[in-house]
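Computed from the coordinates by the stated procedures, all read-outs in this text should not be read as laboratory data. As the structure is a prediction and not an experimental result, all values here were calculated from the model. For neighbour counting, all protein chains shown are included, and Cβ atoms are generated from backbone atoms with ideal geometry for every residue, glycine included.
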Amino acid sequence: MTSTVEQQAREEMVHLGASFFRRGYATGSAGNLSLLLPDGTLLATPTGSCLGELDADRLSKVSLSGEWISGDKPSKEVSFHRALYQNNAACKAVVHLHCTYLTALSCLQDLDYDNALKPFTPYVVMRVGKVPVIPYYRPGDLRLAEDLARLAPNYQAFLLANHGPVVMGSTLREAANNTEEMEDAARLIFTLGNRPIRYLTDDEIAELRSK
């Protein structure tokens, strides 16, 4: 029997998935969401599912070790979701989208692999800090999980090269908000184009982090 807490989590995932799809953050069957339930299992979007058409009763339920418990078959990318939960105790939800501007940013040559979103507004700094880049691997490649597992203890968000963002949060709503803030920063990068940008100084960044 599904608990009230789990049912609410299912409904929130459906709601946020539909919101992402409706506003153009997700297209077709791209992207996936997950969250950690109180019993230590994961609720995740099924393989091939459209975020705009999720069914609360058919969401995938898997163990942290990868066992498929119930619902439709989970996405092959749930492996890297599990890696994040297993290596960062603060991670309670994960959002992975192919949203336009962050995905475009992930396709650029000469990205700073230490931080793909060099700070020029305070908001990404306050929400997620640095955004390291994961080298390109085909979707579902286990090396994605390995690289994310290695970086998970020290970061909250990542950019998969030629693929898109992966963002953690203490709740699914927080992970969603953090993803949207990053997408807006990426949009500003392309809007500014080749114009000179005033980046935040080290002192300004330190002040933000201290707060």
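Structural remarks
- Contacts under 9 angstrom Cβ, first residue in the stretch 130-145 being without any contact (Cβ under 8 Å) to a residue 24 or more places away in the chain, partner of a type in the set (Lys, Arg) and surrounded by fewer than 18 Cβ atoms within 10 Å (Cβ to Cβ), 6 or more apart: Tyr137/Arg143
- Residues considered: Arg127, Arg23, Arg58. Of these, the only one that is in contact (Cβ under 8 Å) with a residue 40 or more places away in the chain and basic (Lys, Arg) is Arg127.
- Counted residues, the stretch 147-159 - those being touching a Phe, Trp or Tyr at 6+ places or on another chain (Cβ under 9 Å) and touching a residue at least 60 places away in the same chain (Cβ under 8 Å): 3
Residues are listed down the side, and each one gets a yes or a no for (1) part of a loop (DSSP other than H, G, I, E, B); (2) closer than 20 Å to Leu160 by Cβ:
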site	(1), (2)
Thr2	yes, no
Gln7	no, no
Met13	no, no
Ala18	no, no
Asp39	yes, no
Ser49	yes, yes
Gly52	no, no
Lys76	yes, yes
Leu84	no, yes
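- Breaking point among (1) outside any strand (DSSP E or B); (2) touching a strand residue (DSSP E or B) at 6+ places or on another chain (Cβ under 7 Å); (3) not polar (S, T, N, Q), for Asp57: (2)
- Qualifying positions in the stretch 43-53 - over 11 Å from Gly71 (Cβ atoms) and aliphatic (A, V, I, L, M): Leu51
- Residues satisfying the stated conditions in the stretch 28-37, i.e. touching a Cys at 6+ places or on another chain (Cβ under 9 Å) and either among the polar types (S, T, N, Q) or outside any loop (DSSP other than H, G, I, E, B) (or both): Ser29, Leu36
- Single residue of the stretch 61-84 satisfying the filter (crowded, with 20+ Cβ neighbours inside 10 Å and touching a residue at least 60 places away in the same chain (Cβ under 8 Å)) that is nearest to Gly28 (Cα to Cα): Glu77
- From the options Asp110, Asp72, residue that is part of a loop (DSSP other than H, G, I, E, B) and out of contact with any helix residue (DSSP H, G or I) (no Cβ under 9 Å at 6 or more places or on another chain): Asp110
- Selection count where residues are over 18 Å from Val131 (Cα atoms) and out of contact with any helix residue (DSSP H, G or I) (no Cβ under 9 Å at 6 or more places or on another chain), scope the stretch 192-206: 7
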